[in-house]
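Got a structure for you, written out below as structure tokens; questions coming shortly.
The values are calculated or read from the model by the stated rules, or taken from the named source; none is laboratory data. All figures in this text were calculated on a predicted structure; none of them were measured in a lab. Neighbour counts run over all protein chains shown; Cβ positions are idealised from the backbone, glycine included. Accessible surface areas use protein heavy atoms only, side chains included; no ligands, DNA or RNA. Shrake-Rupley method; radii C 1.70, N 1.55, O 1.52, S 1.80 Å.
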Amino acid sequence: NSLFSLFQVVHAHKPHFMALHCQEFGGKNYEASMSHVDKFVKELLSSDAMKDYNRARVYLDENYKSQEHFTALGSFYFLHESLKNIYQFDFKAKKYKKVTGKEIYSDTLESTPMLEKEKFPQDYFPECKWSRKGFIRTRWCITDCAFDLVNIHLFHDASNLIAWESSPSVYSGIRHKALGYVLDRIIDQRFEKVSYFVFGDFNFRLDAKAVVETLCAKATMQTIRAADTNEVVKLIFRESDNDRKVMLQLEKKLFDYFNQDVFRDNNGTALLEFDRELSVFKDRLYELDISFPPSYPYSEDSSQGRQYMNTRCPAWCDRILMSHSAKELILKSENDEKIVIYDHIGPNVCMGDHKPVFLSFRIAAGAGKPIANVHKCCVVQ
């Protein structure tokens, strides 16, 4: 189902260059599921829907035995046969190499010079002993236009109760630090500066305190503590009248709000004001307007494609962000028809607990020319 939904989007938009970024590749239980990963990759590369893509690069971090390096990230890049002169950057040799054929790299990504990969240091998120969060960066040059593509996975909210305590939450501060680290890393002095796109699971959450105060504005709160430790284990918000109906129950891993429609109606637009984590980066990152419902946490029951799980407050975790110079590239199209589309995939189909998000755009011919001439980024043959 997931692949079918993806192929529908490919068929509708017919991209010449397609980048697919996956996080938690292989799911939570790697040893058991790595065989599924291989099957997925084979299906993707050999499927009829992808037959016109005659070049591909696949980078899978499958080395789950290496705790200090393992990120579970997967980055796939497909090039349509009509696209000429595509180059990929070699970070060791510091030069571009022409892309031919289909190549798959897995297990030890550390040894390929065609990407940069890093796992965030353990002290960024001490609560999580085996965090796999990190990023993979590749650099491309198409028709004289150079850009970085960064696959990112930032830290989640470990507990709804802790997220609720302060505004902004302690977790948003951790994500802020990690994202700042990545942005500093990709524009540091080692390589030429180019436009960049950063996309993946940012784990951005709504400001929990503000959301709860809004959703339960007229409610009374009951606090339940553990008998032995006196620690708060549950909050129950009830309507003041109306037979004291329960509106919201909050536990470490429970966010049970009585009316899920608030997250779905009009794509959850009413809640976008609580989506505040990106605002810190507005000078560095640009995002198109969001017009799709929160991308997480969807039910993993295959018959419940539209249903959210009641584990977390739904949020726009999955995003496609870009540098301001990249924004210039995508919005300078030849004419004003709407050729930039930012949306989600498989609205009614079970796609796992996250709905994938995609951005489709055209780069006008020669859009990167002024930059390329300065950088001599690729010599077009």
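Matching residues to (1) in contact with a Ser or Thr (Cβ under 7 Å, 6 or more places away or on another chain); (2) among the acidic types (Asp, Glu):
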position: Glu24; (1), (2): no, yes
position: Gly27; (1), (2): yes, no
position: Ser33; (1), (2): no, no
position: Ala93; (1), (2): no, no
position: Asp107; (1), (2): no, yes
position: Pro113; (1), (2): no, no
position: Asp123; (1), (2): no, yes
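Within the stretch 238-262, work out how many residues are without any contact (Cβ under 8 Å) to a residue 60 or more places away in the chain and closer than 16 Å to Arg312 by Cα.
Matching residues across the stretch 238-262 total 10.
Right, here's the next one. Answer yes or no: is there a residue in the stretch 12-20 that is of a type in the set (Phe, Trp, Tyr), open to solvent by 30 Å² or more (accessible area, probe 1.4 Å) and either over 23 Å from Phe202 (Cβ atoms) or in contact with a Leu (Cβ under 9 Å, 6 or more places away or on another chain) (or both).
Yes, the stretch 12-20 contains a residue that is of a type in the set (Phe, Trp, Tyr), open to solvent by 30 Å² or more (accessible area, probe 1.4 Å) and either over 23 Å from Phe202 (Cβ atoms) or in contact with a Leu (Cβ under 9 Å, 6 or more places away or on another chain) (or both).
Quick one: in the stretch 253-283, which of the residues that are closer than 14 Å to Met309 by Cα and basic (Lys, Arg) is surrounded by the fewest Cβ atoms within 10 Å (Cβ to Cβ)?
Lys253
Just to verify a result, which residue in the stretch 182-221, among those that are acidic (Asp, Glu) and over 24 Å from the mean Cα position of the chain (by Cα), is least open to solvent (accessible area, probe 1.4 Å)?
Glu192
Please work out if Ile162 is open to solvent by 10 Å² or more (accessible area, probe 1.4 Å), in contact with a Ser or Thr (Cβ under 8 Å, 6 or more places away or on another chain), under 25 Å from Ala315 (Cβ atoms) and aliphatic (A, V, I, L, M).
yes
State all residues of the stretch 110-123 that are in contact (Cβ under 8 Å) with a residue 24 or more places away in the chain and more than 27 Å from Lys84 (Cα to Cα); if no residue qualifies, say none.
Scanning the stretch 110-123 gives Glu110, Lys117, Glu118, Lys119, Phe120.
Just the residues that are surrounded by 17 or more Cβ atoms within 10 Å (Cβ to Cβ) and in contact with a Phe, Trp or Tyr (Cβ under 7 Å, 6 or more places away or on another chain), please, taken from the stretch 92-111.
Those that are surrounded by 17 or more Cβ atoms within 10 Å (Cβ to Cβ) and in contact with a Phe, Trp or Tyr (Cβ under 7 Å, 6 or more places away or on another chain): Tyr96, Val99, Tyr105, Leu109.
With respect to Glu116, determine if the residue is at pLDDT 95 or above, under 30 Å from Cys216 (Cβ atoms), open to solvent by 10 Å² or more (accessible area, probe 1.4 Å) and acidic (Asp, Glu).
Against the criterion (at pLDDT 95 or above, under 30 Å from Cys216 (Cβ atoms), open to solvent by 10 Å² or more (accessible area, probe 1.4 Å) and acidic (Asp, Glu)), Glu116 does not qualify.
Which residue is nearest to the chain's Cα centre (by Cα), if the candidates are limited to the stretch 126-156 and must be among the acidic types (Asp, Glu) and open to solvent by 10 Å² or more (accessible area, probe 1.4 Å)?
Ranking the qualifying residues of the stretch 126-156, first place goes to Glu127.
Here is a check on your reading of the model: is Phe78 closer than 21 Å to Ala158 by Cα, surrounded by 14 or more Cβ atoms within 10 Å (Cβ to Cβ), of a type outside the set (S, T, N, Q) and modelled with pLDDT of 95 or more?
no
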